[in-house]
Amino acid sequence: MAIEIKICGLKTPETLDAALAAGADMVGAVFFTPSPRHLDLATAARLGTRARGKAQIVALSVDADDAALADIIAALAPDALQLHGRETPERVAAVKARFGRPVWKAIGIAGPEDLARLPAYAAVADRLLLDAKAPKGAALPGGNGVPFDWNLLTGLDLAKPFMLSGGLTPENVGQAVAITRARAVDVSSGVESAPGVKDPARIAAFVRHARHAAHDVAHAFETAAGTPADHLPAAPTRPANLTSSTS
């Protein structure tokens with residue numbers, strides 16, 4: 001089972017290079033001034049030039065208006081826009097139509113009721129990022145270092161790619177992949193030595209452990225079913241209950 005890995009909230013050439021050297025498939029830039037990972041447009045432009053052609057570039061914003069998104073695109077030329085605020089499905093569709101780029105939507109998950117929101121977003125977003133819902137009173141919609149109960153995703157079938165996020169670390173990403181069978185994972189605070197300060201050693205460890213976990217999941221399925229790993233589903237065919245009644 002192949003897995004895609006995104007290192008988000010990179011701010012310096014050194015940590016960007018560390019993510020690329022570790023083999024990250026995607027690198028994320030955060031445009032949200034309250035965040036310790038916020039980038040100004042000039043720095044983002046320099047980092048984008050450094051990363052282009054080596055990994056996919058993702059621009060994260062929170063309830064940004066069209067003018068702000070246009071400025072981000074002009075500076076960074078990202079491969080995808082990640083909307084991490086309270087954007088509605090209609091807003092997601094409008095951003096995609098206006099800017100002609102893949103749009104990802106982050107959805108905060110805390111309990112089964114949050115899964116009811118997924119189909120509406122899956123219908124319009126190119127990818128869903130399933131993140132831990134921010135704790136009550138948190139200043140940031142993401143990057144809080146808190147995981148959610150990954151067992152909630154057992155059997156989830158959206159017919160749409162999803163990325164797992166929220167509280168992932170080098171120490172727990174293997175367990176997260178084993179439980180959810182996610183084919184993409186995203187990390188930010190879990191590879192930091194302090195808020196907003198990425199640790200190259202933890203970046204390398206995260207990528208290594210995520211890839212090992214994906215390999216182990218594929219091997220387990222292949223051994224049990226005699227099915228080539230490349231043809232394995234990302235999750236069981238039993239869909240999650242999305243009818244119950246919520247970044």
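Results, tabulated for the structure shown:
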quantity	calculated
Subset of the stretch 54-70 that is in a strand (DSSP E or B) and touching a helix residue (DSSP H, G or I) at 6+ places or on another chain (Cβ under 6 Å) - its residue that is surrounded by the most Cβ atoms within 10 Å (Cβ to Cβ)	59
Residue check for residue 73: part of a strand (DSSP E or B), at pLDDT 95 or above and not aromatic (Phe, Trp, Tyr)	no
Residue among 16, 10, 47 that is part of a loop (DSSP other than H, G, I, E, B), of a type in the set (A, V, I, L, M) and buried (at least 20 other Cβ atoms within 10 Å of the Cβ)	10
Qualifying residue in the stretch 199-210 (condition: in a loop (DSSP other than H, G, I, E, B), farther than 24 Å from residue 103 by Cβ, at pLDDT 95 or above and of a type outside the set (Val, Ile, Thr))	yes
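The values are calculated or read from the model by the stated rules, or taken from the named source; none is laboratory data. All of these numbers come straight from a predicted model, not from anything done at the bench. Note that we place each Cβ from the backbone using ideal geometry, even for glycine, and neighbour counts take in every protein chain shown.
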